């Protein structure tokens, strides 16, 4: 049975063969429709054979968890703390204590990781539109893991702290890095469901919120790196 939705989505319900339905939504960047169902996230497509990821559910789960674990191990190896050295553990950094910057599970910068996840998902969908959502999510974990390792190197930490007006930054705690990865995956999960207009609104809202919240963001940070005194 096929039910036509006014939004352009298609929902197919199949009772036979153990299948429990699938949902397709319009891809705002790629062509055709992007499948969006639990079976699509877990089960590879034949087109995924061109990806570097396993072609079975268990292998994909271990690949995703493995990439996150390796990233956290690398951060621990270079001396990043598990939680905030200040002794306080929060889900959200509520105060303006510089010692807690990038040390709690989430803060204003977590919103930028949502935007980063959206950007990674858009890039993967543009380059490999036939890959399943599962392959896309694994690519997002891989790309974000590389960034997490890079931004915690002494050179990048020093670069981010070079501007006199920059927020205090001494690297991420392992708790914060894990939170950043989950926020990036959340951003990737929103990408297939939104139109181009919706994505632009979300990205603009994120940039505005971070700029107003902590006086930072992609635009402000880039200008500071270019030597603009703001």
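In this structure, residue 129 does not satisfy being touching a residue at least 60 places away in the same chain (Cβ under 8 Å), in a loop (DSSP other than H, G, I, E, B) and over 22 Å from residue 197 (Cα atoms). In region 207-225, the residues that are touching a residue at least 40 places away in the same chain (Cβ under 8 Å) reach residues that are part of a helix (DSSP H, G or I) and loosely packed, with under 14 Cβ neighbours inside 10 Å with C-beta atoms within less than 9 angstrom, at least six apart or across chains, in these pairs: 207/219; 217/208.
Within region 172-194, which residues are in a loop (DSSP other than H, G, I, E, B) and either under 11 Å from the mean Cα position of the chain (by Cα) or buried (at least 22 other Cβ atoms within 10 Å of the Cβ) (or both)?
Initial filter on region 172-194 (in a loop (DSSP other than H, G, I, E, B)): 172-173, 194.
Within region 172-194, 172, 173 meet the criteria.
Return yes when residue 193 is touching a residue at least 12 places away in the same chain (Cβ under 8 Å) and touching a strand residue (DSSP E or B) at 6+ places or on another chain (Cβ under 8 Å) and no when it is not. So residue 193 fits the description; yes. From the residues in region 132-163 that are outside any helix (DSSP H, G or I) and out of contact with any helix residue (DSSP H, G or I) (no Cβ under 9 Å at 6 or more places or on another chain), which one is nearest to residue 190 (Cα to Cα)? Only one residue fits best here, namely 153.
Kindly indicate whether any position in region 84-99 is out of contact with any strand residue (DSSP E or B) (no Cβ under 8 Å at 6 or more places or on another chain), in a helix (DSSP H, G or I) and modelled with pLDDT under 90. Spell out the reasoning first.
From region 84-99, those out of contact with any strand residue (DSSP E or B) (no Cβ under 8 Å at 6 or more places or on another chain) are 84-90, 94-99; that's our starting set.
Retained after the next criterion (residues that are in a helix (DSSP H, G or I)): 98-99.
Now restrict to residues that are modelled with pLDDT under 90: 98-99.
Yes, that holds for at least one residue.
Flag: residue 73 does not match the condition of being surrounded by fewer than 20 Cβ atoms within 10 Å (Cβ to Cβ), touching a residue at least 60 places away in the same chain (Cβ under 8 Å) and over 22 Å from residue 208 (Cα atoms).
Looking at region 208-220, which of its residues are surrounded by fewer than 18 Cβ atoms within 10 Å (Cβ to Cβ) and either in contact with a helix residue (DSSP H, G or I) (Cβ under 8 Å, 6 or more places away or on another chain) or within 16 Å of residue 117 (Cβ to Cβ) (or both)? Give the derivation first.
The first filter runs over region 208-220 and keeps only residues surrounded by fewer than 18 Cβ atoms within 10 Å (Cβ to Cβ), leaving 208-209, 211-215, 218-219.
Of everything in region 208-220, those that are surrounded by fewer than 18 Cβ atoms within 10 Å (Cβ to Cβ) and either in contact with a helix residue (DSSP H, G or I) (Cβ under 8 Å, 6 or more places away or on another chain) or within 16 Å of residue 117 (Cβ to Cβ) (or both) turn out to be 209, 211, 213, 214, 218, 219.
The values are calculated or read from the model by the stated rules, or taken from the named source; none is laboratory data. None of these values were measured; they are calculated from a predicted model. Positions of Cβ are generated from backbone atoms using ideal geometry, with glycine treated the same way; all protein chains shown enter the neighbour counts.
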